[in-house]
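Q: Have a look at the structure that comes next, please.
The values are calculated or read from the model by the stated rules, or taken from the named source; none is laboratory data. Small disclaimer: the values here were computed from a predicted structure and weren't measured. Counting neighbours? That spans all protein chains shown, and the Cβs are built from the backbone with ideal geometry, glycine included. All accessible areas refer to the heavy atoms of the entire protein, side chains included, with ligands and DNA or RNA removed. Shrake-Rupley method; radii C 1.70, N 1.55, O 1.52, S 1.80 Å.
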Amino acid sequence: MYITASSSPSSSLLRAASAYSPTRFFRSSFRNLTSTNQASLSVINHHRRSLTSAAVRSFHCSVPRWSHRLDWRSPLNPRSEIRAFNPIIEQLQRKFATMAAEHPFKAVLTSLPRPGGGEFGKFYSLPALNDPRIDKLPYSIRILLESAIRNCDNFQVKKEDVEKIIDWENTAPKQVEIPFKPARVLLQDFTGVPAVVDLACMRDAMHKLGSDTSKINPLVPVDLVIDHSVQVDVTRSENAVQANMELEFQRNKERFSFLKWGSSAFRNMLVVPPGSGIVHQVNLEYLGRLVFNTDGILYPDSVVGTDSHTTMIDGLGVAGWGVGGIEAEAAMLGQPMSMVLPGVVGFQLSGKLRNGVTATDLVLTVTQMLRKHGVVGKFVEFYGDGMGELSLADRATIANMSPEYGATMGFFPVDHVTLQYLKLTGRSDETVAMIESYLRANNMFVDYDEPQQKRVYSSYLELNLAEVEPCISGPKRPHDRVPLREMKADWNSCLNNKVGFKGFAVPKEAQGKVAKFSFHGQPAELKHGSVVIAAITSCTNTSNPSVMLGAGLVAKKACELGLQVKPWIKTSLAPGSGVVTKYLLQSGLQEYLNKQGFHIVGYGCTTCIGNSGDLDESVASAISENDIIAAAVLSGNRNFEGRVHALTRANYLASPPLVVAYALAGTVDIDFDKEPIGTGKDGKSVYFNDIWPSTEEVAEAVQSSVLPNMFKSTYEAITKGNPMWNQLSVPSSTMYSWDPKSTYIHEPPYFKNMTMEPPGAHGVKDAYCLLNFGDSITTDHISPAGSIHKDSPAAKFLLDRGVERKDFNSYGSRRGNDEVMARGTFANIRLVNKLLNGEVGPKTIHVPTGEKLYVFDAAMRYKDAGHDTIVLAGAEYGSGSSRDWAAKGPMLLGVKAVIAKSFERIHRSNLVGMGIIPLCFKSGEDADTLGLTGHERYTIDLPRKIDEIRPGQDVTVTTDNGKSFTCTVRFDTEVELAYFNNGGILPYVIRNLIRQ
């Protein structure tokens, strides 16, 4: 339950963790509903839906296409189920209805008239509050405000919270805490499987504690899109899509069956089958509502997702961001999210992009600017005259990379461009009219044809779009932007520089090395910088028709001039939805992409998340045996070392047209301004400008090829599944039958021996340092998603259980099994641990014996001996993908605390959610400046009583060799303290649900 920041520690913790008694809260008697006016009845209906237990919850949407009551998913009639439930539930309904009738803001409930008569519904009107402060609020903050007003019950959400948001200009700098209840939750299968595992396990825990298992049901719509499992096994083939999907189902049948079971066992859950597209593109083109109309109550769409790139929906004007899986599970179960009211950076855009400059060039520029400005934990809101020059897809590209520039959101308020996109993607005219009417009436619509009232922002940035130039980012981080004209010089600097984010330390005498080999009987060669993977991939770019068709135009021009991509380069095209295939075929450009090797390989994330598949054995051997710094060029959003492929140490993010261009060149060691890409069929040199399309050519292709009926037909078919999905048989039980022999789905140990009494707060005494890291340790380092190395503890575990190496699949696909994932924690082959004195790999030093062991093996030795462990880290610990296993894994290894210079937002929250203490060194200090080697034993002096701990307080850390230093404990809100007191967020939720 939510605790106000102004509450005293003792009373607020009491509210957070104590038993909740409805009879204590609902003291007023049931009112005569026949005398209640129509507006109050609407409120009652709405709050009966939003506040009662999961047992009586049923989602109803006024737009059938967006309903979660789809025939292919569940034939059950929720209303008949409701009638069958215990009379106690009905009594609770009546009590909640009484509270709803007394809604603190019922006076601003306003009718929204429908043109031609009648009404669309009712809504909580911001203008009706008559508060001038609201007019100056950023649009993104208005969405938080509306949610607080609508959900205000003076219990989970209080009138004081509403006032904090209205007074945002003064309260945001004070880091005040507010509750937020998102309209829905978004999952993908890598994070969705562990979420459904946790829900199933929570049902078991409720049963063991003698409570109602039906309380474990989503209270808000949950959309789960299966998109992270397809790998690029087969490429350069007309049959690649079918072949890769067959392999995907072979590897993941058990996982997919489990998810299909979840779609029927849990109400309010929609599962979009494999082969449909990438979650964020499906969200943008289909799932995004913009405005909900639920039981006659209108309210803005908002979403939290278990993938950090959930922010892509911000480009559509829907407030959305990534959260940890455990936070998402709590939100599903009706818990308000506790968040710090964010500052908002106003980013003004002016001018227009120059000819030939792409949206990808723009987003890489924006990412670098915002990274430099510092936007971690903040919203970024875009505005200005330049907005009209950006298509909705361009905006979504920028919003998508919010995690890369560090912001919680990159928000684009709804305007006429948004409405045009809604119509293009097949939303009905009536739906679009309702959306526009509601947003205009509630001051959430931007009309650039009208005078703009100045809004207040926490800080300001400005970019003239005409200043953006072609660029790529790499070789190891998304924000290391390199202008295209400087790429050759930058690459040569990287070869010379010492090992780091911009260096490989290749000796001068070895920089010209040529590795010659035979590729299927054909002579081939690789050098430092040779491209071995060229992938058009990722939601960031495949949702944008301009860059996708631009890639097709580059391929067409290259074919016409006689250029050909070398056959040993692994090329692939993985669209984010079937719509892309339709417009590439409509334009005639897919033919030319195929000729260059960019056949469609599947509909999913593929190379961007490390599902790039194996390189040809001859290529892999040439790289390994000659220590070649091979390159991958991909249209993705992440290029951390070890993520894309174990053998590509240089990874560059680029627009889809540039991916094709670099594939044609065969190397990143090229100056496109001066050096030819290749030799044409006429024997003449072909340069970059010869194959690069103009802005007008791209616009013409978009205009003639991207049609509304493509979206309609694609998403009408999506809910029908596919033959392989439809043939999966699943049990009808609501409790999952765990198979102890399964290596995919395993009952986790989180709730074993759980009681109703919280374990309480704890410090750390005489802990050993498991790992000592530097800066920018990502969630890929902590919990890799890619392939399982043949010599790893996870591989040994699987082999011991009869799983052949060819069937290992990936860590990401096995996130439903805690035994595999614990062994995969800190298993990244590129891990740099200071305890190893420069050696790279997934090992550490077991301090008591000095032995070098795999991290998992060392952790188990510590646990078996009864020793706690901690992790030392530098800045930006936990950056990258939102990955709950990057917190669950360390918890299972026995890690009790992480001491870092700074944390990535979602990862810090995940650590708290799993009961791990996050601590920050004081400014100017870190392990090195304090002389910490990691060979010490650490004691963290944290009070044993939770009411003696304050959010953000200082604590003392001492070592066994006499060192002492002060850290800030990063429990940022009182609710997070309640989680810690309960041993994590999920035990906290279970105890609260039982007590309700």
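Q: Taking every eigenvalue of the Cα gyration tensor of segment 469-705, multiplying by 5 and rooting it, what semi-axes result, largest first, whole Å?
A: Rounded to whole Å, the semi-axes are 27, 19, 18.
Q: Which GluC sites (Glu not before Pro) from segment 221-272 combine a DSSP loop assignment with at most 16 other Cβ atoms within 10 Å? Could you put the intermediate results ahead of the total?
A: Values: sites: Glu238, Glu246, Glu248, Glu254; in loops: Glu238.
Listed in order of number, the matching sites are Glu238.
Q: Using the crude model of +1 on Lys and Arg Cβ and -1 on Asp and Glu Cβ, and no other charge, please compute the dipole size for segment 469-705 relative to its Cα centre, in debye to 20.
A: 380 debye
Q: Name the residues whose placed amide hydrogens come within less than 5 Å of the amide hydrogen of Ala897, ignoring near sequence neighbours (fewer than 5 apart) on the same chain.
A: Val871, Ile917
Q: When only Cα pairs under 8 Å and 6 or more residues apart are kept, what is the percent relative contact order across segment 762-993?
A: Contact order relative to length: 23 percent.
Q: So which trypsin sites (Lys or Arg not before Pro) in segment 442-480 pass both tests, a DSSP loop state and at most 12 other Cβ atoms within 10 Å of the Cβ?
A: Answer in residue order: Lys454.
Q: Are there any GluC sites (Glu not before Pro) in segment 789-863 that are in a DSSP loop and have at most 15 other Cβ atoms within 10 Å? List them by number. Numbers along the way, then the final one.
A: Working: sites: Glu804, Glu819, Glu839, Glu851; in loops: Glu804, Glu839.
Taking segment 789-863 and a limit of 15 other Cβ atoms within 10 Å, the loop GluC sites (Glu not before Pro) found are Glu804, Glu839.
Q: While we're here: Count charges around Ala785 for me, please; just the other residues with Cβ under 11 Å from its Cβ, Lys/Arg as +1, Asp/Glu as -1.
A: Combined, the nearby Lys, Arg, Asp and Glu give +4.
Q: Another question, then. Please state, rounded to one decimal and in Å, the Kirkwood hydrodynamic radius that segment 105-155 gives when every pair of distinct Cα atoms enters the mean of 1/r.
A: One over the average 1/r among Cα pairs gives 12.2 Å for segment 105-155.
Q: Below 8 Å, C-alpha to C-alpha, sequence gap of six or more: please give me the relative contact order for segment 297-349 in percent.
A: Relative CO of segment 297-349 lands at 27 percent.
Q: Here is a further query. Express as a percent, rounded to the nearest 5, the fraction of DSSP beta bridges in the chain (both residues included) that run antiparallel.
A: The answer is about 45 percent antiparallel.
Q: To the nearest 20 Debye, how big is the dipole of segment 858-996 about its Cα centre, given +1 on the beta carbon of each Lys and Arg and -1 on that of each Asp and Glu?
A: Result for segment 858-996 is approximately 420 debye, rounded to the nearest 20.
Q: Rounded to the nearest 500 deg cm²/dmol, what is the calculated helix-only ellipticity per residue at 222 nm for the chain, with -39500 (n - 2.57) per DSSP H run of length n ≥ 4?
A: -10000 deg cm²/dmol
Q: Could you compute the net charge surrounding Lys502? Neighbours are other residues with a C-beta less than 9 Å from the C-beta of Lys502; K and R count +1, D and E count -1.
A: Result for the neighbourhood of Lys502: 0.
Q: Okay, next question. Using a Cα-Cα cut-off of under 23 Å, which lysines could be cross-linked to Lys122, ignoring same-chain neighbours fewer than 8 residues away?
A: Reachable lysines: Lys95, Lys106, Lys158, Lys159, Lys181.
Q: Continuing with this model, one more query. I'd like to check one number: the per residue accessible area of the chain, probe 1.4 Å, reported in Å² as a whole number.
A: 34 Å²
Q: Another question, then. How big, on average over all directions, is the shadow cast by the Cα convex hull of segment 762-993, in nm²? Write down the numbers at each step before the final one.
A: Details: hull surface 50.8 nm².
Taking the Cα atoms of segment 762-993, their convex hull projects to 12.7 nm² on average.
Q: What order do you get for 769-781, 959-971, 724-736, 313-325 when each peptide is scored by the mean count of other beta carbon atoms within 10 Å, highest first? All intermediate terms of the calculation are to be shown ahead of the outcome.
A: On the way: 769-781: 24.3, 959-971: 15.6, 724-736: 13.5, 313-325: 28.6.
So the order, starting with the most tightly packed, is 313-325, 769-781, 959-971, 724-736.
Q: Here is a further query. Which value in nm describes the separation of the simple spin-label points at Asp857 and Ser732, placed 7 Å from the Cα toward the beta carbon?
A: 5.0 nm
Q: I need to check one value: relative contact order of the chain, counting alpha carbon pairs closer than 8 Å and at least 6 residues apart, in percent.
A: Result for the chain is 13 percent.
Q: How much of the accessible area of segment 496-598, in percent, comes from carbon and sulfur atoms when a 1.4 Å probe is used?
A: Carbon and sulfur together cover 56 percent of it.
Q: Still on this model: Between rounded, prolate and oblate, where does the chain land on the alpha carbon gyration tensor, with a ≥ b ≥ c its root eigenvalues, rounded for a/c under 1.5, else prolate if a/b exceeds b/c?
A: oblate
Q: Give me the lysines in straight-line cross-link reach of Lys922: C-alpha distance below 25 Å, same-chain residues under 8 apart excluded.
A: Answer for Lys922, where 25 Å is the Cα cut-off: Lys174, Lys372, Lys378, Lys765, Lys834, Lys896, Lys901, Lys945, Lys963, listed by chain and number.
Q: If you don't mind, another one. Of Ser742, Ile313, Ile165, which is farthest along the charge dipole of the chain in the positive direction, counting Lys and Arg as +1 and Asp and Glu as -1 at C-beta?
A: The listed residue farthest towards the positive side: Ser742.
Q: Now for a different question. From the phi angles alone, apply the Karplus equation (6.51, -1.76, 1.60; θ = phi - 60°) to segment 335-348 and give each ³J(HN,Hα) in whole Hz, x where the residue is Gly or Pro.
A: Here the 3J(HN,Hα) series is 7, x, 7, 8, 9, 7, 4, x, x, 10, 8, x, 10, 8 Hz.
Q: Right, something else. Could you size up the charge dipole of the chain around its Cα centre, putting +1 on the beta carbon of Lys and Arg and -1 on that of Asp and Glu, and report it in debye to the nearest 20?
A: That gives a dipole near 2000 debye.
Q: Just tell me which lysines come within less than 21 Å, Cα to Cα, of Lys260; anything on the same chain fewer than 8 places away is out.
A: Answer for Lys260, where 21 Å is the Cα cut-off: Lys215, Lys720, Lys741, listed by chain and number.
Q: A further question on this structure: If you find the alpha carbon centre of segment 587-657 and of segment 239-298, how far apart are they in angstrom?
A: Segment 587-657 and segment 239-298 have Cα centres separated by 26 Å.
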